[in-house]
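Visitor: Take this structure first; my questions come after.
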2 protein chains.
Amino acid sequence: MSGPEPTDPLGAPALSSSEVKRPVGINDVAARAGVSPGTVSNVLNRPERVAEATRRRVERAVEELDYVRNSSGRSLRAGRSDSVGLLVLDVTNPFFAEVARGVEDTAGEAGLAVVLLNSAEQAGRQRRAIRLLAEQRAAGAVVMPVDGDTADLLWLRKQGVPGVLLDRGDVSADIACSVAVDNHAGGLAAGRHLVNLGHERVTYLSGPADLEQCRTRLAGLRAALAESGLDPDAAVRVVEAEQLNAECGEKAVEEVLAGGPRKRPQAVFCSNDQLALGVLKGLGERGLSAPGDLSVVGYDDVATAGLVHPGLTTVAQPKYDLGAAAMRLLLSELNDADHRHERLRFAPELVVRGSTAAVRD
Amino acid sequence: MSGPEPTDPLGAPALSSSEVKRPVGINDVAARAGVSPGTVSNVLNRPERVAEATRRRVERAVEELDYVRNSSGRSLRAGRSDSVGLLVLDVTNPFFAEVARGVEDTAGEAGLAVVLLNSAEQAGRQRRAIRLLAEQRAAGAVVMPVDGDTADLLWLRKQGVPGVLLDRGDVSADIACSVAVDNHAGGLAAGRHLVNLGHERVTYLSGPADLEQCRTRLAGLRAALAESGLDPDAAVRVVEAEQLNAECGEKAVEEVLAGGPRKRPQAVFCSNDQLALGVLKGLGERGLSAPGDLSVVGYDDVATAGLVHPGLTTVAQPKYDLGAAAMRLLLSELNDADHRHERLRFAPELVVRGSTAAVRD
DNA sequence: CAGGTCGATTAAAACGTGTCAATGCCTTGC
DNA sequence: GCAAGGCATTGACACGTTTTAATCGACCTG
């Protein structure tokens with residue numbers, strides 16, 4: 001068998017060294033070890049039930065054959081898969097990335113894989129994603145829903161896939177678990193900060209008004225102004241951006257500044273750090289800057305907020321913990337027989353940096 | 001049956017309205033429509049093979065029973081699942097997020113779900129993730145490997161899961177498809193820019209040296225200096241950061257500036273925008289700034305790069321297209337019988353902003 | 001030594017789907 | 001009127017795993 005290999009004219013494309021081997025199943029392992037498939041399964045899942053000697057024999061066979069178990073068969077039998085879904089509004093937003101890290105880490109500890117779905121704030125994509133999770137018979141889901149109603153989530157639960165709501169505080173606890181940061185408190189903290197600095201005309205740059213977070217943070221802001229004797233209706237103007245990203249923030253500056261220097265707001269509070277960063281940039285392009293011409297406050301405390309000049313004053317959310325906690329609630333629902341839906345609230349924290357300052361006159 | 005429901009002391013936790021229904025399978029649909037399961041399967045997968053009338057009957061049954069197909073059974077039968085893995089080095093890095101969006105969008109068009117795995121630049125986590133994909137019998141994988149060798153990827157392929165390498169230019173095309181941006185050209189462009197501005201002492205702030213990208217970009221930089229008659233060994237100093245994030249960049253400033261104003265570099269070229277942003281911050285904390293005291297160049301053109309002040313000069317990569325192209329190559333490998341491994345190279349593009357300026361004397 | 005108990009192992013049945021060969025029916029051509 | 005052919009549908013099996021009830025053997029006890 002020496003000399004050059006004969007070229008075979010037809011047949012599968014040459015795979016040379018990286019030959020694809022025929023898949024080896026639990027039966028092959030059983031045959032090799034001289035036991036029944038059931039015993040192999042036991043070795044894999046409840047090693048304590050099988051005698052030391054046979055267990056070692058099986059383990060050796062597993063190793064020799066390089067067996068890797070097939071989770072399709074596993075899930076089919078179990079009626080559910082061992083992965084959970086994570087549905088976010090925007091993969092690109094670092095806030096969600098951080099949340100995802102929290103979810104993934106705790107899921108990983110429990111041996112669950114995470115399927116990341118991206119709704120891009122579109123109801124249609126969300127629906128498709130939810131359906132996909134149902135088809136996969138996902139063990140569970142962590143969901144940040146796009147629109148107000150939670151119909152999709154309920155449907156998913158009816159299909160046998162429990163879900164945890166993330167970043168939505170307004171849902172009653174008997175529907176599902178939920179984890180959120182107190183958005184009202186966040187808006188309140190930002191508002192009080194501005195009031196203390198003497199601001200009396202503030203513009204709220206909101207994301208899409210369908211998002212509960214945006215509405216509630218506004219409510220907090222208004223409460224803070226009312227608290228100090230101002231009329232919220234007169235003191236705060238609302239500008240709505242189409243999406244929660246920097247580009248939209250930059251574009252919105254035009255409208256924020258409308259009315260000329262006389263009626264121009266003294267401060268802008270944004271639903272989001274991305275928006276706020278866009279605003280900072282837009283101001284710069286117009287020869288203005290924070291906090292000299294205008295104070296700017298963001299929300300989330302994304303990593304970037306601390307990197308820009310001036311640093312962005314913002315309301316920090318425990319992003320990683322948010323994701324980790326959501327996943328932990330989900331695990332509780334999956335494992336604890338006596339699970340009760342829970343409603344977890346985190347407290348936001350104001351981080352003061354350079355983008356806000358006292359009104360000077 | 002009027003009056004309050006009797007409380008049953010034991011049993012499953014009360015599910016009230018959101019009753020979990022018994023799962024409905026293809027057989028239930030078949031029974032309801034008065035056909036065989038096989039026919040239902042055909043309606044779902046090859047509708048053209050079934051007569052108009054029966055097809056409608058089946059479709060109605062599907063609707064009435066709210067049937068959703070079980071992809072575990074499906075994958076078991078098919079021998080492979082309908083999801084692909086995406087293994088990234090760091091979910092938190094916006095560069096990867098953008099790549100992920102590209103992968104996800106094109107995968108979605110092809111009806112594939114994406115499982116996002118995060119190796120966090122740790123070989124152990126990468127190995128676990130690869131194993132998971134094998135267990136899932138993933139249809140394929142897009143992988144950005146941590147360490148130099150591609151053993152994991154080869155093993156995965158031997159298990160029947162084809163993989164596409166992302167952002168690794170140094171792999172020979174007969175192993176697997178690969179998509180990358182020409183890192184040498186990127187480093188070269190950055191280097192030439194600095195040379196043109198008169199810089200003769202530049203520090204390269206590198207990420208972990210295991211990463212091929214970091215090494216090749218350095219090579220490009222050195223080539224640019226050599227090109228103009230400078231001795232690379234004398235002109236460029238290398239500082240290695242532990243991770244590719246802003247925090248490490250900030251910490252590295254200390255070492256970058258070591259030697260005092262006399263021997264201080266005139267420019268810093270970073271493996272990464274995150275590092276560069278960290279450097280900008282670190283400079284600010286020491287009362288220094290770019291480009292006055294030091295020019296700074298990044299890599300990736302992350303969204304933030306355009307938002308900071310001064311804007312970060314950087315080497316832009318087509319992030320979204322990178323992900324989309326990788327996924328498209330994978331799809332080709334999955335569907336085209338006569339697939340040949342391909343090696344796709346994108347060209348980087350220098351984006352000049354405010355963080356670089358001519359050396360003044 | 002018979003009866004009983006316990007631990008380890010096995011055989012067989014399910015999970016839900018896709019496929020393939022076989023069946024039945026209707027049309028067409030002679 | 002009958003054979004041939006085409007189309008729609010069916011029945012049965014296979015995919016890989018887990019689980020339950022049953023079996024087997026060994027050891028202990030009265």
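The values are calculated or read from the model by the stated rules, or taken from the named source; none is laboratory data. Note that the structure is a prediction, hence the values are computed from the model and not measured. So basically every Cβ, Gly included, is an ideal-geometry build from the backbone, and we count neighbours across all protein chains shown. With ligands, DNA and RNA removed, areas are computed over all heavy atoms of the protein, side chains included. Shrake-Rupley method; radii C 1.70, N 1.55, O 1.52, S 1.80 Å.
Visitor: What is the set of long-range amide H partners of A:HIS199 at a cut-off below 5 Å, with H atoms built 1.01 Å from backbone N?
Guide: Those qualifying (amide H under 5 Å, at least 5 residues apart or on another chain) are A:VAL359.
Visitor: For chain B, find the longest principal axis of its Cα atoms and tell me its angle to the long axis of helix B:319-335, 0 to 90°, nearest 10.
Guide: It works out to around 40 degrees.
Visitor: Picking from B:ALA347, B:ALA31, B:ALA185, which is most flexible by a Gaussian network model of chain B using Cα springs under 10 Å?
Guide: Residue with maximal mean-square fluctuation among B:ALA347, B:ALA31, B:ALA185: B:ALA31.
Visitor: Turning to a different aspect of this structure: Output, in nm with one decimal and in ascending order, the distances from the B:LEU334 label point to the matching label points of the other copies (7 Å from Cα along Cα-to-Cβ).
Guide: For B:LEU334, the inter-copy label distances come out at 2.4 nm.
Visitor: Additional query: Testing the spin-label approximation: label points 7 Å from Cα along Cα→Cβ at B:ALA110 and A:ARG56. State their distance in nm.
Guide: Reported label-point gap for B:ALA110 and A:ARG56 is 4.7 nm.
Visitor: So, taking all protein chains as they sit and a 1.4 Å probe, how much accessible area belongs to B:GLU64, in Å² rounded to tens?
Guide: Near enough 90 Å² of accessible area.
Visitor: Find which of A:HIS184, A:PRO265, A:VAL308 sits farthest along the positive direction of the dipole of the range A:183-318, computed with +1 on the beta-carbon of Lys and Arg, -1 on that of Asp and Glu, about the Cα centre.
Guide: Going by the Cα projections, it comes out as A:PRO265.
Visitor: Can you work out ³J(HN,Hα) from phi for every residue in the range B:53-63, in order, using Karplus 6.51 cos²θ - 1.76 cosθ + 1.60 and θ = phi - 60°, giving whole Hz and x for Gly and Pro?
Guide: 4, 5, 4, 5, 4, 5, 4, 5, 4, 4, 5
Visitor: Give, as a single signed number, the net charge of other residues whose beta carbon lies under 14 Å from the beta carbon of B:VAL50, with Lys and Arg counted +1 and Asp and Glu -1.
Guide: +3
Visitor: So, one more: Please say if the protein assembly as shown is rounded, prolate or oblate, where rounded means a/c under 1.5 for a ≥ b ≥ c the square roots of the C-alpha gyration tensor eigenvalues, and otherwise the choice is prolate for a/b larger than b/c and oblate otherwise?
Guide: Here the protein assembly as shown falls in the oblate category.
Visitor: Checking buried surface per residue: for the range B:92-134, which residues lose a minimum of 30 Å² accessible area in the protein assembly relative to the chain alone (1.4 Å probe)?
Guide: Those are B:THR92, B:ALA97, B:ARG101, B:GLU104, B:ALA113, B:VAL114, B:VAL115, B:LEU116, B:ASN118, B:ARG125, B:ARG131, which lose 30 Å² or more relative to the chain on its own.
Visitor: Calculate the dipole size of the range B:183-318 relative to its Cα centre from +1 charges on Lys and Arg beta carbons and -1 charges on Asp and Glu beta carbons; express the result in debye to the nearest 20.
Guide: 400 debye
Visitor: In terms of the Cα gyration tensor, with a ≥ b ≥ c the square roots of its eigenvalues, is chain B rounded because a/c is under 1.5, prolate because a/b exceeds b/c, or oblate?
Guide: prolate
Visitor: Placing a label point 7 Å from Cα toward Cβ, how far apart in nm is B:LYS158 from its equivalents in the other copies, listed shortest first to one decimal?
Guide: Distances to the matching label points in the other copies: 4.9 nm.
Visitor: Total Å² of accessible surface buried at the B-A contact, 1.4 Å probe, nearest 100?
Guide: 4800 Å²
Visitor: Restricting to chain B, compute how many DSSP beta bridges are antiparallel as a %, nearest 5.
Guide: The answer is about 10 percent antiparallel.
Visitor: Between A:VAL352 and A:GLU63, what is the spin-label point distance in nm, taking each point 7 Å from the Cα along the Cα→C-beta axis?
Guide: Placing both labels 7 Å beyond Cα along the Cβ direction yields 6.3 nm.
Visitor: Name the most mobile residue of A:ASP105, A:ASP336, A:ASP301, meaning the one with the largest mean-square fluctuation, in a Gaussian network model of chain A with Cα contacts below 10 Å.
Guide: Fluctuation is largest for A:ASP336.
Visitor: Name the residues of the range B:305-354 whose accessible area falls by at least 50 Å² when all protein chains are present instead of the chain alone, probe 1.4 Å?
Guide: Residues passing the criterion (a loss of at least 50 Å², heavy atoms only) are B:LEU307, B:HIS309.
Visitor: Something else now. Have a look at A:ARG60, A:ARG215, A:ARG286 and tell me which one the Gaussian network model of chain A (Cα, springs below 10 Å) gives the largest fluctuation.
Guide: A:ARG60
Visitor: Taking amide H positions as placed in the peptide plane 1.01 Å from N, state which residues far from B:GLY140 in sequence (5 or more) or on other chains have amide H under 5 Å from it.
Guide: Those qualifying (amide H under 5 Å, at least 5 residues apart or on another chain) are B:GLY85.
Visitor: If you put +1 on each Lys and Arg Cβ and -1 on each Asp and Glu Cβ, how big is the dipole of the protein assembly as shown around its Cα centre, in Debye rounded to 20?
Guide: 1180 debye
Visitor: Closest beta-carbon to the B-to-A rotation axis: which chain B residue owns it, and what is the separation in whole Å?
Guide: B:LEU116, 2
Visitor: If I model a spin label as a point 7 Å beyond the Cα along the Cα-Cβ vector, how far apart are those points for A:ALA234 and B:GLU342 in nm?
Guide: 6.6 nm
Visitor: Once phi is turned into ³J(HN,Hα) by the Karplus curve 6.51 cos²θ - 1.76 cosθ + 1.60 with θ = phi - 60°, what whole-Hz value does each residue of the range A:33-39 show in order, with x for glycine and proline?
Guide: For the range A:33-39, the Karplus curve yields 8, x, 10, 8, x, x, 5 Hz.
Visitor: Sticking with this structure for a sec: By the scheme Lys and Arg +1, Asp and Glu -1, what is the net charge of all other residues having a beta-carbon under 13 Å from that of A:ALA78?
Guide: +4
Visitor: With angles folded into 0 to 90 degrees, how steeply does helix B:273-285 sit against the dominant principal axis of chain B? Use alpha carbons for both and round to 10.
Guide: Taking Cα atoms only, the helix is inclined about 50 degrees.
Visitor: Ignoring ligands, DNA and RNA, what percent of the accessible area of the protein assembly as shown is carbon or sulfur (1.4 Å)?
Guide: Answer for the protein assembly as shown is 49 percent, counting heavy atoms of protein chains only.
Visitor: List the distances, in nm to one decimal, from the label point of A:GLY198 to the label points of the same position in every other copy, shortest first, placing each label point 7 Å from Cα along the Cα-to-Cβ direction.
Guide: A:GLY198 label point versus its equivalents elsewhere: 4.4 nm.
Visitor: Starting from the residue with the highest accessible area, list B:HIS309, A:HIS193, A:HIS199 in decreasing order, probe 1.4 Å.
Guide: From most exposed to least exposed: B:HIS309, A:HIS193, A:HIS199.
Visitor: What shape does the range B:98-253 have by the C-alpha gyration tensor, where a ≥ b ≥ c are the square roots of the eigenvalues, rounded means a/c under 1.5, and otherwise prolate means a/b greater than b/c and oblate the rest?
Guide: Here the range B:98-253 falls in the prolate category.
Visitor: Please give the charge dipole size of chain A, origin at the Cα centre, charges +1 on K and R Cβ atoms and -1 on D and E Cβ atoms. Round to the nearest 20 debye.
Guide: Dipole size: approximately 620 debye.
Visitor: Where both partners of a DSSP beta bridge lie in the protein assembly as shown, what percent of those bridges are antiparallel, to the nearest 5?
Guide: Around 10 percent antiparallel, to the nearest 5.
Visitor: So, one more: Protein chains only, probe 1.4 Å: how do A:LYS319, B:LYS281, B:LYS158 rank by accessible area, largest first?
Guide: So the residues, ranked largest to smallest area, are B:LYS158, B:LYS281, A:LYS319.
Visitor: Can you work out the Karplus-derived ³J(HN,Hα) for every residue in the range A:77-87? Use 6.51 cos²θ - 1.76 cosθ + 1.60 with θ = phi - 60°, whole Hz, and x for glycine or proline.
Guide: With coefficients 6.51, -1.76 and 1.60, one gets 4, 6, x, 8, 8, 10, 10, 10, x, 10, 9 Hz.
Visitor: Between 0 and 90 degrees, rounded to the nearest ten: what's the tilt of helix A:123-136 against the longest Cα principal axis of chain A?
Guide: 20 degrees
Visitor: Starting from the amide H of B:VAL181, placed 1.01 Å from N in the peptide plane, find each other amide H under 5 Å away whose residue is 5 or more places distant or on another chain.
Guide: B:ASP167, B:PHE346
Visitor: Continuing with the same structure: Enter the accessible area per residue of chain A (Å², integer; probe 1.4 Å; all protein chains in place).
Guide: 45 Å²
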